[in-house]
């Protein structure tokens, strides 16, 4: 089989590094990962040297950095996952978030000029903003984003669709809904709850904890992603990647305490002024059809994370 040359931006992050691990299992994939370590971790990179893998420290928002790599390598596929992430970080650094728009332009200009067949973009459930309908469908729910992070993801989607119309650059947009797994940093709610509970420290919940979320195990996210790549699915389309099983944040904290057999107490903090949507739940019918099975249960997934710590 012919080798696929694949670029992953943000490769030291949780989801992209997990994708890299999966892609490297196929010797017909040659993967180049790039990251500037703003939010990623060196520990997430492949532990052993791989013949079909290379990592380059790079800031995709800097044309000189990323153009050198893309002009010399001539990739077949690009997964553009580099982004400033984390609710508090993005609220505290709105200008840093806006700089990611330069990355969109750099990556897309280089994709159209170097023969890239398809770009895959990590968008977010944040683009939906406060729910207009539940479940949130890719094509019927209006994008109601207000926070800098969400707006920038929406801009990224618009750029990608425009490049397809103007230059014929194929794409797939993934809207991620709270993906979790062993590699996830403690910046995110479920990972934070688990690590806090294991230590026996108080678990903090904003407001009364009645806000609901859904949680998707990294294995389900990666399998769906690989199917889109290898089976040419959802070309020039958008797909929600997430579970449709809602749970309140308070119930999530209680579940984590139960499964870790922890003595942690739940402490309520004042509600966040912005960014903490009341509900979020995807219409994941496309994802379920893609996988041909049910997603991993939350309790099973939490136990897997606990056993890895």
Total residues in the range 181-200, condition in a loop (DSSP other than H, G, I, E, B) and either in the same structural domain as residue 229 (by TED's automatic domain parsing) or touching a helix residue (DSSP H, G or I) at 6+ places or on another chain (Cβ under 9 Å) (or both): 8
Residue in the range 199-213 that is touching a residue at least 12 places away in the same chain (Cβ under 8 Å), under 30 Å from residue 25 (Cα atoms) and surrounded by 15 or more Cβ atoms within 10 Å (Cβ to Cβ) present: no
Test set (1) touching a strand residue (DSSP E or B) at 6+ places or on another chain (Cβ under 6 Å); (2) within 22 Å of residue 136 (Cα to Cα); (3) at pLDDT 95 or above - residue 266 fails condition number: (2)
Condition check for residue 178: modelled with pLDDT of 95 or more, touching a helix residue (DSSP H, G or I) at 6+ places or on another chain (Cβ under 8 Å) and surrounded by 21 or more Cβ atoms within 10 Å (Cβ to Cβ): no
Residue within the range 20-29 that is touching a helix residue (DSSP H, G or I) at 6+ places or on another chain (Cβ under 8 Å), touching a residue at least 12 places away in the same chain (Cβ under 8 Å) and part of a loop (DSSP other than H, G, I, E, B) present: no
Failed criterion for residue 273 (all others in (1) outside the structural domain of residue 162 (by TED's automatic domain parsing); (2) buried (at least 16 other Cβ atoms within 10 Å of the Cβ) hold): (2)
Failed condition for residue 133, given (1) at pLDDT 95 or above; (2) surrounded by fewer than 18 Cβ atoms within 10 Å (Cβ to Cβ); (3) within 30 Å of residue 256 (Cα to Cα); (4) not assigned by TED's automatic domain parsing to the domain that holds residue 277: (1)
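Matching residues to (1) in contact (Cβ under 8 Å) with a residue 40 or more places away in the chain; (2) outside the structural domain of residue 95 (by TED's automatic domain parsing); (3) surrounded by fewer than 17 Cβ atoms within 10 Å (Cβ to Cβ):
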position: 32; (1), (2), (3): yes, no, no
position: 41; (1), (2), (3): yes, no, yes
position: 47; (1), (2), (3): no, no, yes
position: 66; (1), (2), (3): yes, no, no
Members of the range 269-286 found to be assigned to a helix (DSSP H, G or I) and in contact with a strand residue (DSSP E or B) (Cβ under 6 Å, 6 or more places away or on another chain), listed by number: 286
Residues of the range 241-268 classified as surrounded by 20 or more Cβ atoms within 10 Å (Cβ to Cβ) and assigned to a loop (DSSP other than H, G, I, E, B), total: 3
Hits in the range 36-70 - residues which are part of a strand (DSSP E or B) and farther than 14 Å from residue 10 by Cα: 53
Qualifying positions in the range 86-129 - in a loop (DSSP other than H, G, I, E, B), in contact (Cβ under 8 Å) with a residue 40 or more places away in the chain and farther than 17 Å from residue 236 by Cβ: 86, 115, 129
Filter result (over 21 Å from residue 277 (Cα atoms) and surrounded by fewer than 17 Cβ atoms within 10 Å (Cβ to Cβ)) within the range 141-158: 158
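The values are calculated or read from the model by the stated rules, or taken from the named source; none is laboratory data. Every value quoted in this text rests on a predicted model; they were computed, and no experiment measured them. FYI the Cβ positions are ideal-geometry reconstructions off the backbone, even for glycines, and counts take in every protein chain you see.
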